[in-house]
Amino acid sequence: MRIASIKSYPLELPLSRPFETNFGRFEVRRVLLVAVSTGDATATAECPVFGPQYSYETVETARLIVDQHIGPAIVGETLEKPEDFVERVAFIRGHPFAKSAVELALWDLWARGRGQPLWRFAGGEREHVRCQISIGVKASIEELLEAIEAGIEQGYGQIKLKIRRGWDAAVLEHVRNVYPDTPLMVDANGGYTLQDLPMLKALDRLNLEMIEQPLHPADLRDHALLQREIATPICLDESVDSIQSAQAAIALGSCRIVNIKLARVGGLGPAKQMASLCRENGLTVWCGGMIETGLGACYNLAAASLPEFVHPNDITQSYAYFDIELVRPPIQLRRDGTIQLPERPGIGRDVDWEMVQRFTTR
Ligand code: OSB
Ligand code: MG
């Protein structure tokens, strides 16, 4: 396949309500869309940077890497398979979010060329994927309970709660009392240290499915020490940004579960590789989210369809975080808490370019 052009579109999307985590409070979601064209066909993917809080990449750095480094390396070039892309851009150290957007668009182009849904082309097997909704830090317990109730009401089979200092074990104890049987997990986004062991042990008594990224992303050693102290599985997110860091986490025993985000690992090819490495070593995985639009969700659905992805995924239906949507038809959660994979070729949905233009900032 010959790549004819790559274009990038910075967007600023208003959130329906502010999303607050250990990183702070956000009222708008700034992301980059990337469109890759062969001349005959164009595919679009979302680059869901959340930086520099989540990682060092931002809309500006991703755009620079896509336009000034990835573009010149692959426009006019012919690739034999989507996996070739990773090698062609290996000279760019890091910047997985920027790479992933182009890589994902290539997968969509390839699948469409074969007339196959992306998930099946990529090796997915599940036709329905289980989903959870991620709920941010709220101003009060009442507000939190309302959001949880709304999530359960919509059908999500598991709830993920963001925690940070001052909004952790006591809040979770309250939630657990109200919802004794609902599958719950927490995500700390690296906000704690081993000095918080008493609080982490209090969480350990609440029958949580997992504790995501409790400690600093670079601290694989302390995660390994913590995993020996608690029975709840540790799930790593930010810490596992490459095959090498996944290998280190496995060798040290830093976690039992990995949240695989397509953008964090550089795309679907690297995600598949990481998923099989985890399975070979007895770890389980699921697909993480970054408050994406439905466009990002299309690719996440394909990943979640892979056989290694066994936990509920951070994939929500359209309009969960935004009052607008960029793809049609919208994504819908079924009453059983799953989302169905599409049968149409590629990502199986159309980009609404009027919406994209309306929110492009340039
Ligand atoms: O750590 O998983 C995270 C959103 C933005 C940045 C980081 C994270 C998140 C989420 C949202 O938890 C999950 C979702 O998109 O469903
Ligand atoms: Mg996380």
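For the chain, find the longest principal axis of its Cα atoms and tell me its angle to the long axis of helix 268-280, 0 to 90°, nearest 10. The two axes meet at around 40 degrees.
For Gln244 and Thr193 in the same chain, what is the full-extension length gain: residue separation times 0.36 nm, less their Cα-Cα distance, in nm? Don't jump to the answer; show the numbers that get you there.
Numbers: separation 51, 0.36 × 51 = 18.36 nm, distance 2.31 nm.
Value of the extension gain: 16.0 nm.
Label reach from Arg358 (point 7 Å along Cα→C-beta): in the stretch 306-331, amide nitrogens under 17 Å belong to 318-331.
Quantify, in whole percent, the carbon and sulfur part of the accessible surface of the chain (1.4 Å probe; protein heavy atoms only). Of the solvent-accessible surface of the chain, carbon and sulfur hold 48 percent. The residues of the stretch 1-85 present an accessible area of 43 Å² per residue when probed at 1.4 Å with all protein chains retained. When the chain is treated as a GNM, springs tying every alpha-carbon pair under 10 Å, which of Pro233, Pro52, Pro117 comes out with the largest mean-square fluctuation? Evaluated over the chain, the most mobile residue of the options is Pro52.
Using θ = phi - 60° in the Karplus curve 6.51 cos²θ - 1.76 cosθ + 1.60, the 3J(HN,Hα) couplings for the stretch 134-141 round to 9, 10, x, 5, 10, 6, 8, 4 Hz; x is entered for Gly and Pro.
Could you check what % of the DSSP bridge pairs in the chain are antiparallel, to the nearest 5? List each step's numbers first, then the result.
Details: 28 of 50 bridges.
Rounded to the nearest five, the antiparallel share is 55 percent.
Against the chain, whose longest principal axis comes from its Cα atoms, helix 220-229 is set at around 40 degrees. What's the angle, to the nearest 10 degrees (0 to 90), between helix 169-178's Cα axis and the longest principal axis of the chain? Result, in degrees: 90.
Accessible area per residue for the stretch 310-362, computed on protein heavy atoms with a 1.4 Å probe, is 53 Å².
Bridging of Lys272 to lysines at a Cα separation below 28 Å is possible for Lys7, Lys81, Lys99, Lys160, Lys162, Lys261, once same-chain residues fewer than 8 apart are set aside.
Comparing Arg228, Arg130, Arg112 in a Gaussian network model of the chain, where Cα atoms under 10 Å apart are tied by springs, the biggest mean-square fluctuation is seen for Arg228.
The values are calculated or read from the model by the stated rules, or taken from the named source; none is laboratory data. As the structure is a computational prediction, the values presented were derived from the model and not from experiment. Every residue, glycine as well, gets a Cβ built from its backbone with ideal geometry; the counts of neighbours run over all protein chains shown. Protein only, heavy atoms only, side chains kept; ligands, DNA and RNA dropped before computing areas. Shrake-Rupley method; radii C 1.70, N 1.55, O 1.52, S 1.80 Å.
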